[in-house]
Amino acid sequence: MFRPKGPACQSCGMPISRDPLGGGTTADGSLTTEYCSHCYRQGAFTQPNITVEEMTALVEGKLRSIHFPGFLARRFAKDVPTLGRWRNKNAGQSSARASASELQPRA
């Protein structure tokens, strides 16, 4: 499928080339191409408590608002859980679930 060249935000998937500010900023104000300016400013996430499910819905809604067909909006939003910000959280959650299930007594 067609994807713009270059890095994409590891929180929402937006191509950094489409970011009007050229990317997010670190704590010292320098640009980062890991995250877009909508998701990351001054070294912190703009929505630190958003869940991956909420971000997926937000991305799909934004794409629909700029007139992407529904099937394409869903297709692009489906990739959100694979992005860097969420991949690490998902790995931590699955290992926490595994640890908790290992502690359960066996019959």
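The values are calculated or read from the model by the stated rules, or taken from the named source; none is laboratory data. Small disclaimer: the values here were computed from a predicted structure and weren't measured. Reconstructed Cβ throughout: ideal geometry from the backbone, glycine too, with neighbour counts over all protein chains shown. To get the accessible areas, we keep the full protein, side chains included, count just its heavy atoms, and leave off ligands, DNA and RNA. Shrake-Rupley method; radii C 1.70, N 1.55, O 1.52, S 1.80 Å.
List of remarks:
- Selection over the range 53-82 of residues that are part of a helix (DSSP H, G or I), in contact with a Gly (Cβ under 7 Å, 6 or more places away or on another chain) and closer than 17 Å to residue 15 by Cβ gives a count of 3.
- The set of residues in the range 65-107 being at pLDDT 95 or above and closer than 16 Å to residue 50 by Cβ consists of 77, 80, 81, 83, 84, 85, 86.
- Subset of the range 37-49 (residues that are within 18 Å of residue 8 (Cβ to Cβ), hydrophobic (A, V, I, L, M, F, W, C) and either surrounded by fewer than 17 Cβ atoms within 10 Å (Cβ to Cβ) or in contact with a Pro (Cβ under 7 Å, 6 or more places away or on another chain) (or both)): 45
- Residues being assigned to a helix (DSSP H, G or I), in contact (Cβ under 8 Å) with a residue 12 or more places away in the chain, under 24 Å from residue 89 (Cα atoms) and open to solvent by 60 Å² or more (accessible area, probe 1.4 Å) are entirely absent from the range 3-16.
- Scan of the range 55-65 for residues that are surrounded by fewer than 15 Cβ atoms within 10 Å (Cβ to Cβ) and within 24 Å of residue 84 (Cβ to Cβ), ordered by number: 57, 61
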